[in-house]
Amino acid sequence: MNVVIVGDGKVGHSLAEQLSSEGHDVVVIDNSPDKLKNSDTRLDIIAVQGNGVNYTVQLEAGVPKADLLVAATPSDECNMLCCLVAHKLGAKHTIARVRNPEYAQQLVLMREDLGLTMAVNPELAASKEIARILAFPSATKIETFCKGRVELCEFTVPQGSPLHDLPLFSLYNKYRLKVLVCTVQRGDKVFIPQGDFVLQAGDHIGITASPAEISAFFKAIDLTREKIRSVLVVGGSRIAYYLTRQLLDMGMDVTVVERDHKRCLELCEYFPRAIVIEGDGSDHELLLEEGLDKADAFVALTGNDEENILLSLFAAASHVSKTITKVNRTALLKIAQQLPLDSVVSPKSVVTNQILQYARALGNSQGSNVETLHRLVGDRVEALEFLIAEGFDMQSVPLRDLPLGKDLLIACIIRKGKVIIPGGNDTIEIGDSVVVVTTKPFMKDIHDIFA
């Protein structure tokens, strides 16, 4: 596909890196020659310097022949205008990053007029991920498939766990729960495990099942944490706005610490039921005075990744049982995942995955499309949901007889709303949703699972 990306910031660069590595022809537009030079040197892309809203610049970038234009500049208004111009020039699909909560309703009314195929909001998406984790604090990460019917939960096997030294083939016999272990990270190694794989304490594992089965499984292995009732948030950013709204709706008590006076007044006006503290969130004494050691959960959402990491480590040392850390920079994200941090969330990664999911579906519009895509274990594993369309030529064949490729696992089949954790006798049928977990990159069609 021909893809044009306007804006070479965190999201734009990450997206260009991923799409170019998947073999797409990528053009990146940005005003900054320094950013473009860095991307042009490191990535297999074409760089065009200029204002992405400009008609002439879009012509130079080949927008009239583009299959997809993604506008990811810092300005919502610029992104929407970029998509409008691109639509008029003939771009087949356009995606705009729109972050301001005030534009949400307008987009519903004006999406067709703007020529927008899709709008993405990194802060809203990240806040939803954080809210999911706080709703189920036993997990370090939760992803959903098939409109919430299936969940993929990650957690670390603790010392003394009944899972230690347990071979996977005996998991069902021991617990009588339809749960599948689909990923295991042990040190630097990542496994898509088979039935003879033996779990060890310290393994970071991912399991798939229905939400009810996962809850029952955590109770069975005695890993259920108490329900979170109070949350301390440092940083009054847009993510904090979206998150506070969701947590209050979930019945939690929320305290937000923000140093900017004007922003504190805005948050007080938005959320009269929340406690808003004007102060420096990096001040440990202030956090303790505001009840850090009594909070059920701590969320670090400042604009500084290093500060978020240090604050979460301090919160953990203060016996807060659940900490969530926002980290956006790629280099720091890899470091953060090696530290004793509970949950790490990256808005850039969340929205990049949303756009990649859409791009892969576009690249395979006639086949069994990617409906959902999540990247796991530091982006070393992908979990994909495919909707099986007419033309799938392996229907009704038992899974044990399918010529499946290496390093992948059919984790789940959803048929008419029923969740199936598959065995060798199960089959894939037209209309099914199939969740595949794999270390094989760039899958975009269900046929890619075959050797």
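The values are calculated or read from the model by the stated rules, or taken from the named source; none is laboratory data. Bear in mind the structure is a predicted one, so any value in this text is a computation, not a measurement. Here the Cβ is made from the backbone with ideal geometry for all residues, glycine too, and neighbour counts use every protein chain on show. These accessible areas exclude ligands, DNA and RNA; they are computed on the full protein's heavy atoms, side chains included. Shrake-Rupley method; radii C 1.70, N 1.55, O 1.52, S 1.80 Å.
Summary of computed values
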quantity: Whole-Hz couplings from phi, Karplus 6.51/-1.76/1.60, listed for segment 179-191; x for Gly and Pro; calculated: 10, 10, 7, 10, 9, 9, 10, 10, x, 8, 9, 10, 10
quantity: Under 5 Å, built H, 5+ apart or other chain: amide partners of residue 70; calculated: 4, 5, 6, 95
quantity: Protection proxy ranking, peptides 71-84, 210-223, average beta carbon neighbours within 10 Å, highest first; calculated: 71-84, 210-223
quantity: The chain - percent of accessible surface contributed by carbon and sulfur, probe 1.4 Å; calculated: 50 percent
quantity: Antiparallel bridge percentage (DSSP; both residues within segment 318-386; nearest 5); calculated: 65 percent
quantity: Under-5 Å amide H pairs with residue 411, H placed in peptide plane, nonlocal only; calculated: 435, 436, 437
quantity: 222 nm mean residue ellipticity, helices alone, for the chain (DSSP H n ≥ 4; -39,500 (n - 2.57); rounded to 500); calculated: -9500 deg cm²/dmol
quantity: Estimated distance in nm for a label pair at residue 310 and residue 118, the labels positioned 7 Å out from Cα along Cα-to-Cβ; calculated: 3.8 nm
quantity: Given 334/440; 37/444; 348/416; 178/294, the pairs whose alpha carbons are separated by over 28 Å; calculated: 37/444; 348/416; 178/294
quantity: Unit charges on C-beta of K, R, D, E only; dipole of the chain, Debye; calculated: 800 debye
quantity: Between segment 291-324 and segment 116-156, the Cα center-to-center distance that results, in Å; calculated: 20 Å
